[in-house]
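Student: Provided herewith is a single structure, encoded as structure tokens, for subsequent inquiry.
Bear in mind that the values in this text are calculations on the coordinates, not laboratory data. Note that the coordinates shown come from a computational prediction; the quantities given were computed from them, not determined experimentally. Methodologically, a virtual Cβ is constructed for each residue, glycine included, from the backbone with ideal geometry; neighbour enumeration extends over all protein chains shown.
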Amino acid sequence: MRVLATVLALLLSLPLAADEISLQRAVIALQTPDAVLIDVRTAEEFSAGARPGASRIGHEQIATQITALVPDKNTPIVLYCRSGRRSAIAQDSLAQLGYRNVINAGGYDQLKQALAQKN
């Protein structure tokens, strides 16, 4: 029973973090001039520090506010939050709206580190 609980906990945690491929895709996408970087954290988290050039739309408002920022559903969109959980929720919302090039970069620190390694 303990093994089952451990395996279940590991499986549930997998979607919470961006995988290495998603981070690589995010770094590549952010090198294109039309890419849009969106921070889906709270306003307080955003004001405490955000990636340069990022726009803030909370994950719970992304479906209603995205078209004002990104009307073209083919535009590369890179999302991040604190851990990757909220950006995964936002990614799902955007996919349901028909956005085709949305990347969950995971957590702020993960993305920061991946971008630093690129340079």
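Student: Between region 75-91 and region 25-44, what is the C-alpha centre distance in whole Å?
Tutor: 9 Å
Student: A further question on this structure: Quick one: net charge of Ala43's neighbours, Cβ under 13 Å, K/R +1, D/E -1?
Tutor: -2
Student: Normalise the Cα radius of gyration of region 15-118 by 2.2 N^0.38 Å (N = residues in it) and let me know the number. Intermediate results must be reported in sequence, preceding the final value.
Tutor: Details: Rg = 12.1 Å, N = 104, 2.2 N^0.38 = 12.8 Å.
Cα-based Rg divided by the globular estimate yields 0.94.
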